[in-house]
Amino acid sequence: MRVIAAVHQDDAGPVVFGDVVRELGHELVEWRPQDGPPPPPDGADAVFVFGGAMHVDQEEQHPWLVPEREWIRSLLDSGVPTLGVCLGAELLALAVGWELVRLRVPEIGWHDVELTAAGRDDQLLGGLPARFASLQWHSYAVEPPAGAPVLAVGAACAQAYRVGEHAWGIQFHAEVDAATIEHWLDDGKDDDDVREAQLDIEAVRERTGREISGWNRIGRGLCARFLELAAR
């Protein structure tokens, strides 16, 4: 399969997901939305849309967010299996007209997520533990409309949902490894959202050491299931 990865910055790429794509023998093609027009939907067998430090309401600073959202809409219309992560999940929701809100306090670090009944029955999310610690780094969240299939929830917001039959959004960063988290902590220590969250960076580092092995198993399994579903 030809798998497109929409990557918004150097330190927010496929990481663990990319490893799985290549190990399974698929072609991984990275596309930077800020660098040029998107690949046509018929040129992709599956798509990942990853995160980034930019916010979905910063279209003046990042005008490429508008055509990227339109591209995601075209993927949905074409039935291309799509998985959005964090910013990617928020763009996926906006593409179908769902509401987004700014969280009262940014959700950064390790936070518990629990599958809903719909999530436990979902083809993609159903393979995850019923409850698990997840790595989060976001200030906005999706508010799925009534009747939308919400697949996982946390204390702050909906954490996973399905859009139609072939697209999923996850707010948590199942794609990251220890080096990515370390870089984010080091690079973001003076970030406004980090200060607002009153993040204990050393506590996050310590917990990452305890959680990362299991977290990467979850991420690899989630990616492999997504690719299996796309291959069908």
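Listed here are the residues, each with its yes/no results for (1) closer than 26 Å to residue 207 by Cα; (2) part of a helix (DSSP H, G or I).
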residue	(1), (2)
52	yes, no
62	no, no
89	yes, yes
100	no, no
126	yes, yes
134	yes, no
140	yes, no
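Restricting attention to region 213-227 and to residues that are touching an Asp or Glu at 6+ places or on another chain (Cβ under 8 Å) and buried (at least 19 other Cβ atoms within 10 Å of the Cβ), the residue that is nearest to residue 123 (Cα to Cα) turns out to be 223. One residue alone among 197, 231 is surrounded by 14 or more Cβ atoms within 10 Å (Cβ to Cβ) and hydrophobic (A, V, I, L, M, F, W, C), and that residue is 197. Considering 215, 168, which residue is in a helix (DSSP H, G or I) and within 17 Å of the chain's Cα centre (by Cα)? The conditions single out 215.
Scanning region 76-115 for residues that are touching a Ser or Thr at 6+ places or on another chain (Cβ under 7 Å) and charged (D, E, K, R) turns up just one, 102.
Take region 65-102 and flag every residue that is of a type in the set (Gly, Ala, Ser) and buried (at least 23 other Cβ atoms within 10 Å of the Cβ). 84, 88, 89, 93, 95 - these are the residues of region 65-102 that are of a type in the set (Gly, Ala, Ser) and buried (at least 23 other Cβ atoms within 10 Å of the Cβ). Residue pairs whose Cβ atoms lie under 8 Å apart, separated by 6 or more positions or on different chains, with the first residue in region 4-15 and within 16 Å of residue 179 (Cβ to Cβ) and in contact (Cβ under 8 Å) with a residue 24 or more places away in the chain and the second of a type in the set (Val, Ile, Thr) and surrounded by 20 or more Cβ atoms within 10 Å (Cβ to Cβ), are 13/7; 14/7; 14/21; 15/176.
We did not get these values from a lab; they are worked out from the coordinates using the rules stated. The structure presented is a predicted model; accordingly, all values stated were derived computationally and were not measured. Heads up, the Cβs are rebuilt from the backbone with ideal geometry, glycines too, and the neighbour counts pull from every protein chain shown.
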